[in-house]
Amino acid sequence: MPVSPTLVPYLAASDVIDHQHPSVAAKAASLAVGLVTETAVAEACFLFVRDAIRHSADSRQNPVTCAASEVLAHGTGFCYAKAHLLVALLRANGLPAGLCYQRLVLAPGSDRFCLHGLAAVHLSDFGWYRIDPRGNKPGVDARFDPPREYPAFPLRAPGEADLPGILTEPLPEVLAALRRYATWDALLAHLPDRPVPTDA
């Protein structure tokens with residue numbers, strides 16, 4: 001199916017969304033075997049990253065990964081890196097996909113915030129649909145059920161917000177953090193943040 005020119009950038013490969021990497025391309029192809037709709041392919045990619053790739057902080061696992069191929073090779077990543085892999089798998093299957101972010105409190109009652117990374121896929125039947133491959137655990141129940149969105153962390157606390165836009169590449173501060181810290185605990189202590197724009 002032809003892709004709108006406005007969606008073409010959401011199919012591109014890069015150093016981080018490296019869906020041209022042989023292992024990523026092969027995994028994307030295997031996930032799509034026997035599936036005939038783009039929604040089914042998107043769900044298969046989502047479920048794989050959500051359930052088969054461990055969240056680094058939950059599993060206390062190194063190394064800190066960044067590029068999609070690294071996440072796939074090591075089977076672990078923070079939310080940002082898991083989103084990189086999901087976007088790469090979606091793009092490898094011809095589905096426009098991008099990155100989006102939330103700003104969340106670090107803990108209930110805290111005045112400190114951090115970014116949380118998730119993904120979005122463009123589906124013909126629904127348009128842009130956000131999906132959160134962070135990985136479920138008690139208190140976290142992210143799902144794939146368009147058009148309703150099920151983020152891992154619904155906005156609840158004052159100051160929490162969805163950052164605007166769906167990006168073709170990760171935010172610079174996210175990349176900087178993933179590349180600066182070598183261990184899961186070091187990154188967990190220095191999660192990236194970005195103030196949410198406010199209207200003048």
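Throughout, read-outs are computed from the coordinates displayed, never taken from laboratory work. Predicted model, so just to flag it, every value in this text is computed and none were measured. Cβ atoms come from the backbone with ideal geometry, glycine included; neighbour counts cover every protein chain shown.
Charge tally for PRO172 (other residues, Cβ to Cβ under 15 Å; Lys, Arg +1; Asp, Glu -1): -1. Each peptide in 93-102, 57-66, 179-188 receives the mean, over its residues, of other Cβ atoms within 10 Å, and ordering these scores from highest gives 93-102, 57-66, 179-188. Max-minus-min Cα coordinates of region 64-182 on each principal axis give 42, 35, 27 Å, with the largest extent listed first. For region 67-76, the Karplus equation 6.51 cos²θ - 1.76 cosθ + 1.60, evaluated at θ = phi - 60°, returns couplings of 5, 3, 5, 5, 4, 5, 5, 9, x, 8 Hz by residue, with Gly and Pro reported as x.
Across all directions, the shadow cast by the convex hull of region 1-122 built on its C-alpha atoms averages 8.3 square nanometres. Here is the size of region 118-160 from its Cα atoms: Rg then Dmax, 11.4, 34 Å.
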